[in-house]
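Reviewing the structure listed below.
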Amino acid sequence: MTLDEYQSAALKTAIYPSEMSIVYPTLGLTGEAGEVADKVKKTIRDNGGRFSDDRRRQIALELGDVMWYAATLARDLGYSLDDIAAMNIDKIASRVERGALHGAGDNR
C-alpha cells in the first residue's frame, strides 16, 4: 500500500465538522502521539524497558492512529501523504548536504 492509497482509505472514515478542519486532526494527532509515548513510558516503568511482542503491537496500533490523523491533517492542508513524505525527505537531505542535520530550529 502506498501512502496515498492509505490516505484515500483513511479519508473514507474522516468524519468531523468542516469548520474544524486542520484543528480537529491536529488535536487528534497530538493525543494519539501522546498515547504512543505513554505506552513506551509504561514499558519502561512496568517492564524494565523490555518490549514484548504484545507491547510492540499495541504501540504499532497507536501509531496507526497517528497515521490516520496525519492523513486527514495533510488533506486539510491541501497535501497528499506522498507530498508530505517527499517534502520531508528533501528537507532532511538538504540538512545532510549542508552539514546541518544536528542542532535545533526548523530552518537549519
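Placing +1 on the Cβ of every Lys and Arg and -1 on the Cβ of every Asp and Glu, with nothing else charged, gives the chain a dipole about its Cα centre of roughly 540 debye. Placing dummy labels 7 Å off each Cα toward the beta-carbon, the span from M1 to E19 is 3.3 nm.
Any idea which of L3, G31, S52 is furthest toward the positive side of the dipole for the stretch 3-78, if Lys and Arg beta-carbons carry +1 and Asp and Glu beta-carbons -1? Highest projection toward the positive end goes to S52.
With a Förster radius of 41 Å applied to the C-beta separation of A37 and E97, the computed FRET efficiency comes to 0.85. With the helix formula -39500 (n - 2.57) applied to DSSP H stretches of n ≥ 4, the chain reaches a computed 222 nm mean residue ellipticity of -24000 deg cm²/dmol. The ranking of V96, V36 from fewest to most other beta carbons within 10 Å of each one's beta carbon is V96, V36.
Over the stretch 3-78, the ratio between the Cα radius of gyration and 2.2 N^0.38 Å evaluates to 1.27.
None of the figures in this text is laboratory data; all of them are computed from the coordinates on show. These numbers were taken from a predicted model, which means no experiment stands behind them. Don't worry about glycine lacking a Cβ; one is built from the backbone with ideal geometry, like all the others, and counts go over all protein chains shown.
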